[in-house]
Every structure is written in C-alpha cells, then in structure tokens.
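The block underneath contains the structure these notes are about, expressed in structure tokens.
The values are calculated or read from the model by the stated rules, or taken from the named source; none is laboratory data. Bear in mind that the values here come from a model prediction, so they are computed numbers and not experimental data. Reconstructed Cβ throughout: ideal geometry from the backbone, glycine too, with neighbour counts over all protein chains shown. Calculation scope for accessible area: heavy atoms of the full protein, side chains included, ligands and nucleic acids excluded. Shrake-Rupley method; radii C 1.70, N 1.55, O 1.52, S 1.80 Å.
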Amino acid sequence: MREKSLMIIVLSFLAIASFAQLKSPEEFMGYKIGTRYTPHWKIVSYFQYVAQTSPSLVKLQQYGETNEHRPLYIAFISASENISNLENIRLNNLRLANLASDKAAPSENTPAIVWLSYNVHGNETSSSEAALLTLFALADPKNLQTKEWLKNTVVIIDPCINPDGRDRYVNWFNSVVGANYNPRLDAREHREPWPGGRTNHYNFDLNRDWAWQTQVESQQRIKQYNQWLPQVHVDYHEQGINQPYYFAPAAQPYHEVITQWQRDFQGTIGRNHAKYFDKNGWLYFTREIFDLFYPSYGDTYPVYNGAIGMTYEQGGGSAAGLGANTDEGDTLTLYDRALHHYTTSLSTIEISSSNAATLIKEFRKYFNNAVSGSVGDYKSYVIKGNPDNAERIQALLKLLDNNGVQYGSGSGNGRGFSYHTGKEESFTVSSGDIIVNAVQPKAAMVKVLFEPQSKLLDSVTYDITAWSLPYVYGLTAYASRQSISINNKPLFEQVQNTITDAYGYVIRWQGVASVRTISQLLTQGIKIRFAEMPFETNGQSFGRGSVIITKKGNERFGSALWTIVAAACNGNNVKMNPVNSGMVDKGFDFGSSKVHPLRALKVAVLTGEGVSSNGAGEVWHFLEKEIQYPVTLINANDFSRARWNDIDVLIMPDGNYRFLTEKASAEQFHQWIQRGGHVVALESAVLQISKLDWSAVHLRKEDEKDTASKKDPYGALRTFENRERDEIPGMTPGSVYRVDVDNSHPLMYGYPGYYYTLKMDNAIYDFVKENGWNAGVIKSDNQLAGFVGFKLKKKLKDGLIFGVQDVGQGTVTYLSDNVLFRNFWENGKLMFCNAVFLVGQ
C-alpha cells in the first residue's frame, strides 16, 4: 500500500490541480521544474511563500549568509502539533544524546528528525530543483500520505548549501544556452569554464569541510546541525553523466566506530529506494565507490554524530546542463535528475517515519554507549601545553568547541602512545595540558579525530586515510588507555596588552594569530624587523622570526604608535612584550645585521585555466580571510601581461602552467626571479619548475637498472578485474610522515626540529646539492599514520620535501606537499607564511 501511495506522490507534480490552495513549484515559477534552472533567489522565494501560506506545517529559518551575501535557510516541515512544539522537540533530542544543558529526563516518545541537504556542490544542480518538489509534497494539504509521515517525523530541508556556487553555474549556463538546449556534449553549454560552480566563493569543496569548518557556510550550518542532531541525514550529489543513480548502503571501507545498527539501516533505506526505482525501470547501484571513512563528508560527519548518514548520487553534474546525450543513446534531462532525487527524498522520509520509534531508540542507545566508555580502546588523549604552541592549541580548542567535543585540564601521571615516536611512553599531566576524555557524548567523533591510526579494512578509499588532530596541529600528544579525569575546562584569558613608554616591543612568531597581527600592522605602514637568531632580553627568551617594533622608523605615528600596535595584538589575542633597550642580554642586538626589515610585500597568486581551483582557493582564502593580507589574483594565461615590477612574491598553487613550457615566457620568469623575485611553488608546480634547466631541485628517478634486474618475467600479467587494486602498491591516498626540518632556515622558523606532513602523492626529490637549502626532508622509517602502498613506502625516504633555492637576487621555495590542505592542516600554515614573508628577506 505504501508503494502505491508513494508512486502517486512521485508522479503528482506532472498534473497538479490548478485549484490547489497551495501553489505547486510549477504554478509559482511559471514553468515546469526541470525545464529550466531555478536561480537561488527564486528557490528562496518559493520556500518563503510556502512558509507564509502554511505556517502551521512549515517554519523557515535563516541561519546564515554566504561570502557573496546570499541567504542560507533551513525549513522545518512537520505536523502542526510538532511545529508548535519544535523547540521542545529539539531540546528533548539533545537530552536523548546526553548533550542538553539541563538534567531533565528525555522522552523516547518523540518524532524522528530527518535532515535533507541539497546542492552542496553548486554545479550539481538537480537536487535544489528536487527540494522544491519535496517541500510541496510535504506541505500540500491534499497530500494525505505525507501528512501521516509528518505525525512522527520532523523534516529539515536545506534547499541549497552552496548558493554562490549554484548561481555561478546557473548564471553561466543561462548565458550560453540557446532557445533550446543542445544535448551534444561538444556544445559549449556542457563545457563549464574555470573555476566551475562546484565550489563556494573561495573555491572550497564544502563537502570536505563538515568537521573542519574552515568556510563560513560550514561554520553557520554545523552550528545549526549540532543543535538538532538528526537521526537521518542525506547529502545530495551528482556524478558522471553515464553513471546510474547511487544510494545506500555505502561501500567499504566503513570506519570501525560505525555501529551495526547504522550499517543495517542503510540497507533498509536502500531496499525502500530500490522498490521505486525497480517500479520505474531506473538503474542504480549500491555498495560501490562511496565509502564511510574520511570524517568531514556530509554522510560520515552525521554518522559519527549518531545519525544514519548517506550520500545519494545522481548521474549528471555540470556537463549535463538541461539535457545531455549519454553513451547509451538516451538523453538525460534535468527533469529526470530532479525526479530521481525527489523520489529518494520521499522514500527516505517514508522509511524513516515507518521506523521512527526504532530510530529514536537506537539513537538513545548510541549516545548512552558513548557516555558509558564503550567506544574505542583509548580512553584519554593528552595534548601537552607547550607555550611555543599556544596559538595552535587555541586553534585546536576552537575546532573542538565547534564540534561539541568536551575537554578539560587535569593532573597526574600516565602512559600512552606518543604521536611523535610511535611508541608507548610515560607522561606527566601538567598545568596547561589539555585532556580529551573519550567517555563523553561525542565519543565517536573523539575516536575518529584523535586515534593515531584508523583501521582501514579496504585500501581502495575515496579520500585521505590520516587526519589525527595532533598531527594536523603539530602538537605533542599521547593517546592513553587510562581514563584520566578532567577537572575544570581550561580558561585561556583574552590578552590585554597595556602600553608603556618602552623602547620597543617584541612579538613572537608562533602561528596564524601572530602573522595576522603583523599583517595588519604592515598594511598600516608600520615598520617592522625580525630576528634571524634567538635572543634573550628582560629575562625572556625569543626564538627565530620574532618580530621587533621600535619607535625608530615609525616616528610619523608619534604617540599613537603603541596604541595601534596594542589594538592589533589585543584583537588577535597576541602578547606584545616590552623591551627597554636595543641591546640584548644574549644574542644579537636590534641593530645587528642578523635583524632584518620585514617589508610589506606585494603578493600575487596565479589562478585560472590550468591551475587547481581548490589549490588556488586555499591560498586565496588563507591570505585574504585568515591573515587578512592583500593579494592580487592573476590568470596564469595572462602571465605575459603581468606588471612584474609590482610583484615581490608570486605564489604558484598546484597546477599545470603553460608558460613554463614556452621558452620566451619561461626565460622571462627566470629573469624576474634573478632580479629579486620570490616564488612559492606548491605541489605539481614544484614538479614543473624542477624540469627547468636552472632548477636545483630534481624529482628522484627510480633506479631502472636495479628494477630491471629484479623484474618478474611474469610481472606484466594482470587480472582485469583487479585493475583498480593493481595501482595500490604504488600510491598513498593521504598519509602522515614526519619531516626533519632545519629550523635555522627562515622557511622553518617557529617549528621544532620536525613537521608532520600530509603525503598525497609519490613525489620525492633529491637533496639539493648547491645553490639551495634542504629545509625539510624525509628520512628512513618516517611514516606515522595512514595507508602507503608497499612499493611506494620503499621509495618515500631519504629525500627532499621542502626546499629553497637561491636564484640570483631572488628565491624559489619548493613546497612539494600541500601545507594548506583544505585549510584545516593547521601545522603547515606557519610554513606557508614563512615562505611568503621571510624567505629571501
């Protein structure tokens, strides 16, 4: 009976009676959904209209705004008795999760919460169209079946997670399509230009940002998500044009923390979808490609927070437009794509409603298990509170706060796994150390984010395999099987610098906050110097890179100088240390040649065709939003038009640069460096520059003679069905290595003798022998976490990862690993700043 009723709903928008009290999307828009693209403002308008027309069933809430100032909304749809009691339902749900601030007992006689997230990738457009249809099906007063579902279900719809990306794509498509769409894939409407609409304003993939929350859309959305914690969450996507529809259950690997109930109910939902797809003759697949491992996706993050989290993938994507020819000779239309997503939307709500009581019961059990200490082998994680790492520790605590992870301080002795050595060691919990106890409601998230090595059941995985937070933040830490009790939550008081009539002030160069402070001072014209060597003065020790500000050179600011400096320091929670003399107690005096001017450099970033949009976005966002430093974006294809006299530092993100293959342009590039230009090259840009005849950095070549002598005469014989797995021995999808660094070199100021790098490729370079510096190298047995194929593991040792070459009066900084990966790899950000501001100065 449910099957028949849902089929009626699926087909209902083909012919909706014109006398309906509530207008359908087609009646409201004036066109049939799927025959043209609906811009974001019209999607918002329809949601506003439905909420105004049906206030007893629908509540609309604006939860934020994008970088381009488009509003972000969620809609709550349920029976009138639930909508009128919405806040109590939310609070009770948090009580079920042991996360409510009050101690009231929760009730399991409560609606299940289903959250549907549409259009996280802006150019995967069909799901926002489906959101319109889903909203109408739920709110339509004549639709009695959905009203039954809503009696025990609260549906939350986010109609468009990424409005900036969606409108970038939709506006472009509408500008190039003709009066009728052209399904030929060589037509221009199927060739979206750089950077595409997939990402947000800063070219970030929001579907990789759930846990890290580096982007404003994620920060605002996850704040709402953690106030609700639904029992079911769906993330809607599109994939290649020729791919059938994908829905749960997911592929392996599953993280071991995922419960048997979560695994089983994915199958229950999948079987419900299959009924309707089979009835319509639609193709689909399950248990392939899309796994549940990396913690920052729209399926895994909900799973690790107690939900049934799922990805649904419709064939199409940006190349599909309004209609596209498939390899089978069919035409895949936007209407088809929206209809499929609409079908799984309603099917998800239906099966959740049918199992609402069980969903609530298992949700309660999940969080009760969490607070009973039954999740994971490690019971406590201890982060040592080194003052030199204060900025990174505060950044870590902000991440924990954003994810609702509890932590505190403590005391005593313990034993645990050392993240640095990979061995069991004894430790003492001191004042200032941070303790994260695994016995808490967010126990699963704690295990996933902190465990030193996640168990990987299948090495064919969709994303990186290592992300343990002590490595991400570059902190000394231990994972202990002891449960260390937590005292009060540590309080980091806001720095309030007081002004004295000092000779000068010193600011330690420690992390993003101190760099942002210096950036703000430089852009105001304040003259700054930095120390090449450590020094001691006034009873304090200052490391390499410490910034010195004196009255000398800043006379034009008069008595306002220290007020300006204090305002910047206070705003960034950075301490300014007064000094009464330019003569130091130990080290080099402020007038020494070992103390250098820190200039306000003119920084440019290459973007556009050939450049990784994600890589360029990471650099752009970091400079503009995190350290607030002005930057000029130049299209790589406009290389010859650049005003080179107005560029001090050129940043080359991951990409394939055509100008480096053109003799005249490559020589122009070389000459600019020789005259004093500074290049910061990342990832594949390093590889390209290494091929130039003047480069001192060279990719390591395998010993062909040695390989040949050991070659198996039958080694070329492979099994076709294992073709994907045959590549695994020579790859790493993302693993952590310890890099030994020369922290006397400006590239490594602020670091101890090591750095934790995220290795995502097989590139390793020979040591620089002349005209350069081996600032960061991998030696033998330096792998710490993540999967590395056995063939590649033998290769990834005794080579260069980070280096600097002197070229005439200029420099090239080689960052072969991505130190800004998705802007959550906090440990690498200071190195990037060193490359931009200190190297060559």
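A few notes on this one:
- Extension gain for Leu144-Glu328 works out to 62.4 nm (0.36 nm per residue, less the C-alpha to C-alpha distance).
- Accessible surface of the chain, 1.4 Å probe, proportion on carbon and sulfur as whole %: 48 percent
- Size-normalised alpha-carbon gyration radius of segment 208-309, reference 2.2 N^0.38 Å: 1.13
- Calculated Rg and Dmax of segment 512-655 using C-alpha coordinates, Å: 17.9, 54
- Within segment 51-89, backbone nitrogen closer than 14 Å to the virtual label 7 Å beyond the Cα of Lys625 toward Cβ: 65-70
- Taking 27 Å as the straight-line reach from the Cα of Lys59, the lysines in range (excluding those fewer than 8 positions away in the same chain) are Lys23, Lys32, Lys42, Lys142, Lys147, Lys151, Lys223, Lys361.
- With the simple spin-label model, which puts each label point 7 Å out from Cα in the Cβ direction, the Asp646 to Trp41 separation comes to 3.2 nm.
- Rolling a 1.4 Å probe over the protein heavy atoms gives the chain an accessible area of 39 Å² per residue.
- Under the simplified labelling scheme, the Met731-Asn635 pair shows an inter-label distance of 3.3 nm, with each label point 7 Å from Cα along Cα→Cβ.
- Within segment 529-559, backbone nitrogen closer than 16 Å to the virtual label 7 Å beyond the Cα of Arg599 toward Cβ: 529-530
- Net charge of the neighbourhood of Gly317, taken over other residues with C-beta under 10 Å away and scored Lys/Arg +1, Asp/Glu -1, is -2.
- Full-extension gain in nm, Ser431 to Glu68, via 0.36 nm per residue minus C-alpha separation: 126.3 nm
- Using alpha-carbon coordinates, inclination of helix 334-354 to the longest axis of the chain, degrees: 80 degrees
- Pairwise Cα separations in segment 76-175 fall into 10 Å bins from 0 onward with the following percentages, short to long: 15, 34, 27, 19, 5, 1.
- Evaluated at q = 0.15, 0.19 Å⁻¹, a Debye calculation over the C-alpha positions of segment 371-514 (equal weights, vacuum) places log10 I(q)/I(0) at -0.78, -1.17.
- Extension gain for the segment Thr53 to Glu662, taken as residue separation times 0.36 nm less the Cα-Cα distance, is 213.0 nm to one decimal.
- Nearest-10 value in Å² for the accessible area of Arg658, using the 1.4 Å probe: 140 Å²
- Two-site FRET efficiency, Arg718 against Phe285, from Cβ-Cβ distance with R₀ of 30 Å, rounded to 0.05: 0.75
- Within the shell defined by Cβ-Cβ distances under 10 Å, the residues around Phe557 carry a net charge of +2, with Lys and Arg each +1 and Asp and Glu each -1.
- Dividing the radius of gyration of the alpha carbons in segment 21-121 by their Kirkwood radius gives 1.05 for Rg/Rh.
- Taken about its Cα centre, the chain carries a charge dipole of roughly 1120 debye when the Cβ of each Lys and Arg holds +1 and the Cβ of each Asp and Glu holds -1.
- Residue order by solvent-accessible surface for Glu129, Glu667 is Glu667, Glu129, largest first, with ligands and nucleic acids left out and a 1.4 Å probe.
- Other residues with beta-carbon under 12 Å from the beta-carbon of Glu124 carry, at +1 per Lys or Arg and -1 per Asp or Glu, a net charge of -3.
- Of Lys552/Lys602; Lys442/Lys489; Lys527/Lys602; Lys455/Lys797; Lys551/Lys625; Lys701/Lys794, pairs whose Cα-Cα distance is over 19 Å: Lys552/Lys602; Lys455/Lys797; Lys551/Lys625
- Annotation for Asp388 and Gln671: the two label points, set 7 Å from Cα along the Cα-Cβ direction, are 4.4 nm apart.
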